[in-house]
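Structure first, commentary second.
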Amino acid sequence: MEKKGVNRRNFLRISATAGAGALLIPGAAASTLNKTETAKKTAFPMRTLGRTGIKLPILSMGVMRADNPNIVRAAYNSGLIHFDTAHGYGRGMNETMLGNFFKDKPRDSFILATKCKPEWPLSDNFEKEYTDMFDLSLQRLQMKQVDWLYVHDLNDPAQVKNERLINVIKKFKADGKTKFLALSMHANNPKVIDAAVEAGVYDIILLSYNFKLNNLKELDPTIERAAKAGIGFVAMKTMTGGREDAEGNKKVNAQACLKWAWQNEHIATIIPGFTNFDELDECLAAVGNTTLSGGEKEYLAALCNEEGLYCQQCGICLDQCPEKLPVPDLMRAYMYAYGYKYAQLSKETLEELNLPENVCTNCDTCKIKCPSGFNVGRKIAAIAPVRNIPTEFLS
Ligand code: SF4
Ligand code: SF4
C-alpha cells in the first residue's frame with residue numbers, strides 16, 4: 001500500500017494532481033452560470049411516489065449547491081416540479097434562495113422537500129432543538145408547509161424507530177408543517193428500509209442508488225418489499241460522485257447513470273444536483289430516451305472496476321483502522337470535494353466528525369483493504385487539510 005502522510009506539502013501535491021485548485025475558487029465549477037436560457041417544457045415519464053399517490057416526473061432537482069436561482073428557474077420552466085434541499089446545504093442559503101424563488105409561484109405548481117438532521121445521541125433538549133431547526137427551514141423557505149420532511153442521514157434501524165424522534169415528526173405532520181414524513185440514508189442498509197416499513201410513519205425514503213452498489217442482490221428485493229408496503233423511493237448519488245476517476249478529473253456520463261437507475265421501477269424520481277445549465281441539459285436529454293444502449297452498458301460495466309469516488313458506506317474499513325477513524329464519512333467528504341467540487345460541504349462534513357488534529361500520523365502505510373479498491377490513506381491525506389482552509393476561500 002502507498003506510503004502516506006498528512007502535511008501541507010503532501011496536500012498541495014495531491015491537490016495539484018487532482019485539479020483541486022478549483023476547490024479554492026468560489027464558483028469555479030459553475031462555468032456556464034451566466035448562460036441565458038429559454039427553457040422548453042420537456043415531456044417527462046411520470047411515476048407514483050408510493051402511498052403518497054403523488055405523481056412525479058422521473059427527473060427532479062437536488063438543490064444542494066445551486067446558489068443561482070436562474071438554474072432553478074430553467075429547471076422549473078423545463079417542467080421539473082420536485083425540488084429537494086436540506087437545512088444544512090450552503091449553511092441555509094439554498095433554502096433561502098428557494099424561498100425567494102417560489103414565493104410568487106402557485107403552491108400547486110411545485111413540490112418541495114427539505115431535510116433536518118438530528119444529532120445522535122439525542123440531547124435532553126432534542127424536541128425543542130429539532131422543532132426550532134425545522135421551523136427555521138420553513139421560515140427560510142417562506143412556506144407554512146413542505147411536501148415532505150426527511151429525517152436526514154438515518155443509518156441505524158434503532159434511530160429509525162426512536163420513539164422521541166417519531167413523536168416529534170408526527171407532531172410536525174399533525175401541526176400541518178409537512179404533508180408527509182420521510183427519511184434519508186447514506187449507507188443503504190437494507191435493515192434501515194425494513195425498520196422504516198415497521199415503524200409505519202415514513203412514507204418516503206431517499207437513498208443512494210447507482211450502478212456501483214455492491215449490495216444490490218440484497219437491496220433490490222428490500223426496496224421491492226418496502227414499495228409493496230407503500231413506501232415511495234427517491235434516488236440520489238446516481239452518478240457516483242459525478243466523476244469517473246478518483247481524482248475527480250473526468251466527468252461521468254450522466255445520461256448512462258440516470259438510465260441505469262431508472263431501470264428500477266420503484267425509484268419514482270432522481271434528484272441530480274445541477275450546478276449549471278449544461279448539466280441540466282444533459283439530464284433532460286436522458287429523459288427523451290431512457291433505455292440503456294449497449295455501449296452505455298459496457299461503459300458502466302467498465303467503470304465498476306475503477307476506484308472512482310463513490311464509497312459504498314459499507315463500514316468494512318472501520319474495524320481495520322487502528323485509530324478508529326470514521327472512514328466512510330471521510331470518503332463522503334472526499335467525494336463532495338473532488339466529485340461535486342463542493343469543498344464547503346466537504347469542510348462541514350469534516351467538522352462534524354471531531355477528528356483529531358493530526359490524522360493517520362501513526363501509520364506508515366494505510367492498513368485498510370477496501371473491497372471497492374479505495375486507497376483510503378491517500379484520500380484522507382488529500383481531504384483532511386480542507387478543515388484548515390478558511391470557509392471564504394472554498395467553493
Ligand atoms: S472506504 Fe471501502 S470499506 Fe470503507 S465504507 Fe467505503 S467502500 Fe466500504
Ligand atoms: S489505517 Fe486508519 S489511521 Fe492508518 S492510514 Fe489508514 S485510515 Fe489512517
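Computed from the coordinates by the stated procedures, all read-outs in this text should not be read as laboratory data. These figures come from a predicted structure and were not determined experimentally. Note: ideal-geometry Cβ built from the backbone for every residue, glycine included; neighbour counts use all protein chains shown.
Tabulated values for the structure
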read-out: The chain: relative contact order as a whole-number percent, Cα under 8 Å and 6+ apart; value: 22 percent
read-out: Value of [θ]222 nm, deg cm²/dmol, for the chain, DSSP H segments ≥ 4, -39500 (n - 2.57) each, nearest 500; value: -11000 deg cm²/dmol
read-out: Filter on 105/347; 237/324; 237/369; 105/173; 212/369; 217/259 - keep pairs with C-alpha separation over 29 Å; value: 105/347
read-out: Distance between region 261-287 and region 109-178 - C-alpha centres, whole angstrom; value: 26 Å
read-out: Highest-fluctuation residue, 240, 48, 361 considered, GNM on the chain with Cα pairs under 10 Å; value: 361
read-out: Spatially proximal lysines relative to residue 177 (Cα-Cα < 17 Å; intrachain offsets below 8 disregarded); value: 103, 115, 117, 128, 144
read-out: Placed amide H near residue 146: partners under 5 Å, 5+ positions off or other chain; value: 178, 179
read-out: Simple Cβ-charge dipole of the chain, Lys/Arg +1 and Asp/Glu -1, about Cα centre, in debye nearest 20; value: 380 debye
read-out: ³J(HN,Hα) computed for each position of region 56-64 - Karplus, 6.51 cos²θ - 1.76 cosθ + 1.60, integer Hz, glycine/proline x; value: 10, x, 5, 10, 10, 10, x, 9, 9
read-out: Ranked by how many other beta carbons lie within 10 Å on average, peptides 278-286, 205-213 from highest; value: 205-213, 278-286
read-out: Cα Rg over Rh - the chain, Kirkwood; value: 0.94
read-out: Amide H contacts of residue 269 (H built 1.01 Å from N, under 5 Å, at least 5 apart or other chain); value: 235
read-out: Peptides ranked, highest mean first, by Cβ atoms within 10 Å: ranges 74-80, 259-265; value: 74-80, 259-265
read-out: Rg/Rh ratio calculated on Cα atoms of region 187-249 (Kirkwood radius); value: 1.05
read-out: Principal axis box of region 116-251, alpha-carbon based, largest edge first, Å; value: 43, 34, 27
read-out: Derived scalar couplings ³J(HN,Hα) [region 295-306; Karplus, 6.51 cos²θ - 1.76 cosθ + 1.60; whole Hz; x for Gly, Pro]; value: x, 5, 4, 4, 4, 5, 4, 5, 5, 4, 8, 8
read-out: Spin-label pair residue 281/residue 391, simplified geometry with 7 Å Cα→Cβ offset, distance in nm; value: 3.4 nm
read-out: Percent antiparallel among DSSP beta bridges (both partners in the chain, rounded to 5); value: 15 percent
